[in-house]
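To start, the structure under review is shown below, and the notes come after it.
The values are calculated or read from the model by the stated rules, or taken from the named source; none is laboratory data. Bear in mind the structure is a predicted one, so any value in this text is a computation, not a measurement. Don't worry about glycine lacking a Cβ; one is built from the backbone with ideal geometry, like all the others, and counts go over all protein chains shown.
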Amino acid sequence: MNKIGFLAFIRPFYQKTMGFWALALIFGGVLMELRQHVLLGRFLFKNPIAFWILPFAFLVFGLLHLRIQLGLLRKNDYLVFHQLALVPKKDFRSFWTQIILGNHSPLLIYFLFLSYFAWEQNKPVSGIILWLNVVGVLGFNFWKIRKNLGHPLKEVVVKRPKVRWTFPRFTWIILSLRQSRPLLFLLTKGLSLLLLNGFYLSFQSGNYDFRWLQFGILCVSYFQLPLIFEKTEKEVVQQTWILALPLTLYHKLGYQFGSLALLVFPELFFLCWKGLNSSLPYEYALLGVLLLSFMAALQVLVYQKKESLSFPNLTSVLFFLLFLGIIFGLPGWVFILPISFLFINQTRGAFRF
């Protein structure tokens, strides 16, 4: 993948559609389990009317993708790409094919999964129709982009929003990730929910006790390290002016816990949903608190030792100690209280986050 194409057309697309992908992760990764995806696939290919939802949905998504790409090409910063219409057809086709496939890849992967049920339900015609629709939508995107680059581009009229929304300060982390690291956030959340689902399904089999889910929470918290690194770097590099503000401990703790909770909101929602549908709601609530506590422990470690050569060893030691505590069945407060003390001590100091 050409780095210029990725930064110019793929990352902005996922930035603009991040809300859609977040909802897809919540509904597809939290509210639905694997067997429900299997039942959905069988239903779609068994019911001839419901099947047409798939081609129509992909058509709508393709038109949305086309609108976003054409909107980008009209910006002044993108006028240099107008010369792509003059490059050889082979290079032009290679450049835009990678971009279009990269932006549609999540849906294409899911359609590959659903195509198995066309074979299982003995509906080859439906499978062929589905993929002909996919090829048609992708081809139309390619043709329309090439046609627009071959003509003078219209000037964009910028409309200012009538309402200016204000958000709490801790929400900056989501807005920052949406702007600079949308793929990192989506991939981390997708893999994290997949891992958490795996631990939950194996726990449901009855072969493990509740410590297995606690170990899963520990693994999921370590999955968030790339996001914690990103959060810390933004704070240290771009938000140092905040350290000069006379913030109370209450506001600083609210900022820290609020931003960490936003980073793991899909996982917390998953635990809440499973807890409400189980006979052990208290235990699932404790898992949510443990997840935030483990995140807080990693955040303190990153603040203190990120630049140290011993950081990898310290993270491994912390994981091993927490793992031993889980294996020996220590109660949750044994983890929560010491971590809370360290976190508050880190936050209460002047000129530090």
TODO: Scan the stretch 280-328 residue by residue and report those that are under 15 Å from G216 (Cβ atoms) and acidic (D, E).
DONE: E283
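Given the options Q304, Q256, name the one that is at pLDDT below 90, surrounded by fewer than 16 Cβ atoms within 10 Å (Cβ to Cβ) and either assigned by TED's automatic domain parsing to the domain that holds W212 or assigned to a helix (DSSP H, G or I) (or both). Walk me through how you get there before you give the answer.
Values: Q256 fails: surrounded by fewer than 16 Cβ atoms within 10 Å (Cβ to Cβ).
Among Q304, Q256, only Q304 is at pLDDT below 90, surrounded by fewer than 16 Cβ atoms within 10 Å (Cβ to Cβ) and either assigned by TED's automatic domain parsing to the domain that holds W212 or assigned to a helix (DSSP H, G or I) (or both).
Hey, could you check the stretch 80-96 for residues that are assigned to a helix (DSSP H, G or I) and farther than 17 Å from L70 by Cβ and say which is farthest from the chain's Cα centre (by Cα)?
Among those that are assigned to a helix (DSSP H, G or I) and farther than 17 Å from L70 by Cβ, it is L86.
Would the stretch 227-249 turn up any residue that is hydrophobic (A, V, I, L, M, F, W, C) and crowded, with 18+ Cβ neighbours inside 10 Å? Walk me through how you get there before you give the answer.
Residues of the stretch 227-249 that are hydrophobic (A, V, I, L, M, F, W, C), as a first pass: 227-229, 236-237, 241-245, 247, 249.
Among the residues that remain, those that are also crowded, with 18+ Cβ neighbours inside 10 Å are: 227-228.
Yes - at least one qualifying residue is present in the stretch 227-249.
If I go through the stretch 266-308 residue by residue, how many of them are charged (D, E, K, R) and closer than 23 Å to L194 by Cβ?
So the answer is 3.
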Task: Identity of the residue in the stretch 1-13, in contact (Cβ under 8 Å) with a residue 12 or more places away in the chain and part of a helix (DSSP H, G or I), that ends up farthest from F265 (Cα to Cα) - done: G5
